[in-house]
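The values are calculated or read from the model by the stated rules, or taken from the named source; none is laboratory data. Since this is a predicted model, take the numbers as computed values, not measurements. When we count neighbours, we look across all protein chains shown, and the Cβ atoms used for this are built from the backbone with ideal geometry, even at glycine. We work out accessible area using only protein heavy atoms, side chains counted, and drop any ligands, DNA or RNA first. Shrake-Rupley method; radii C 1.70, N 1.55, O 1.52, S 1.80 Å.
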Amino acid sequence: MTHKKPIAILISGRGSNMRALIESCAQPDYPARIALVLSNNPDAPGLDVAREAGLAAHAIDHRPYGRDREAHERTLDAALRAAGVEYICLAGYMRLLTPFLTSAWADRMLNIHPSLLPAFPGLHTHERALENGTRIHGCTVHWVTQGMDEGPVIGQAAVPVLDDDTPDTLAARVLRQEHRLYPAALLRVLDPAGAPVPNAAASLLSV
C-alpha cells in the first residue's frame, strides 16, 4: 500500500478542482489522502460534496474576524495542525493570504490558477485573455508565496483560444485541463521520481 500523506483542501465555492483531487486520492497508489476540507464560506457547495465523499469538512467563517485576516488564518492553521495536515491545496479559495499563513506553510501549500502564469494573475483571467487577443491560454499549479500568484511554477496545461470563444467557453476548456493538472502536479510534489508533471506545450496535443 502506498504511503499516503495527509493533505487539506481549502475552498470557497463549489470545489470543482477538489472533486478531481478526491478522485485521485481515492486511488490506492496515489500518495495522498484528504485529511480535512476547510472553507471560509459556510454556504460553500463544496463542503457538501466533501461530506458526501466521507471527508471531514468544516467552515471557518471569515466574517466574524472582520478585517483581521491573520486572526482568521490562525484559526485555520490550528485546525490544519490538529488534523495532522502536511500539505495544503488551495482549490478556488478566494481569500488573499497574509504573510502569517504563507510563511507557516512555505513549500507546503499549492494553488491552481486559471492562466499560464505569469500572464494574467488575479481575477477575470479568461475575459482578460480574450481582450488581449491571446491565442494560447491555460492553467498553472504553483507554490504559494507572499506575492499573489507569484510562486514558482510546478506545472502548466495549455488550451488554444478559438475565434468564437466567450469567457464561458474558454473557462470550460481550461477547467478540463485544471482537473487533469492539479492531481498530476500534486503527485509530482509528493513523488518526485514518479511520472512527469504536464507542461503547457505537451498539453496542447491532448486538448
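Looking at segment 134-144, which of its residues are over 20 Å from residue 18 (Cα atoms) and open to solvent by 50 Å² or more (accessible area, probe 1.4 Å)? Even if it seems obvious, please write down each step before you answer.
Initial filter on segment 134-144 (over 20 Å from residue 18 (Cα atoms)): 134-137.
Hits for segment 134-144 are 135, 136.
May I ask you to list pairs of residues, at least six apart or on different chains, whose Cβ atoms are under 6 Å apart, with the first in segment 41-68 being farther than 19 Å from residue 16 by Cβ and free of Cβ contacts under 8 Å to residues at least 60 places away in the same chain and the second being among the hydroxyl-bearing types (Ser, Thr, Tyr) and open to solvent by 40 Å² or more (accessible area, probe 1.4 Å)?
Matching pairs, first to second residue: 60/75.
Taking only segment 145-177 into account, find how many residues are over 14 Å from residue 125 (Cα atoms) and crowded, with 16+ Cβ neighbours inside 10 Å.
Total satisfying the criteria: 8.
Name the single residue that is surrounded by the fewest Cβ atoms within 10 Å (Cβ to Cβ) among those in segment 100-127 being touching a Ser or Thr at 6+ places or on another chain (Cβ under 8 Å) and farther than 16 Å from residue 175 by Cβ.
Step by step, filter segment 100-127, then rank; the result is 106.
Yes or no, residue by residue, for (1) basic (Lys, Arg); (2) in contact with a helix residue (DSSP H, G or I) (Cβ under 7 Å, 6 or more places away or on another chain); (3) in contact (Cβ under 8 Å) with a residue 40 or more places away in the chain; (4) surrounded by 14 or more Cβ atoms within 10 Å (Cβ to Cβ):
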site: 4; (1), (2), (3), (4): yes, no, no, yes
site: 7; (1), (2), (3), (4): no, no, yes, yes
site: 28; (1), (2), (3), (4): no, no, no, no
site: 35; (1), (2), (3), (4): no, no, yes, yes
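Out of the residues in segment 33-86 that are acidic (Asp, Glu) and over 16 Å from the mean Cα position of the chain (by Cα), which is farthest from residue 100 (Cα to Cα)?
Restricting to residues being acidic (Asp, Glu) and over 16 Å from the mean Cα position of the chain (by Cα), the top hit is 52.
Given (1) among the aliphatic types (A, V, I, L, M); (2) open to solvent by 40 Å² or more (accessible area, probe 1.4 Å); (3) out of contact with any strand residue (DSSP E or B) (no Cβ under 9 Å at 6 or more places or on another chain); (4) assigned to a helix (DSSP H, G or I), identify the lone condition not met by residue 187.
(3)
Each row is one residue, and each column tells you yes or no for (1) farther than 23 Å from residue 9 by Cα; (2) of a type outside the set (D, E, K, R); (3) out of contact with any strand residue (DSSP E or B) (no Cβ under 6 Å at 6 or more places or on another chain).
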position: 103; (1), (2), (3): no, yes, yes
position: 112; (1), (2), (3): no, yes, no
position: 124; (1), (2), (3): no, yes, yes
position: 129; (1), (2), (3): yes, yes, no
position: 149; (1), (2), (3): no, no, no
position: 165; (1), (2), (3): yes, no, yes
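Right, residue 49: buried (at least 22 other Cβ atoms within 10 Å of the Cβ) and aliphatic (A, V, I, L, M) or not?
Numbers: buried (at least 22 other Cβ atoms within 10 Å of the Cβ): no; aliphatic (A, V, I, L, M): yes.
Answer is no for this residue.
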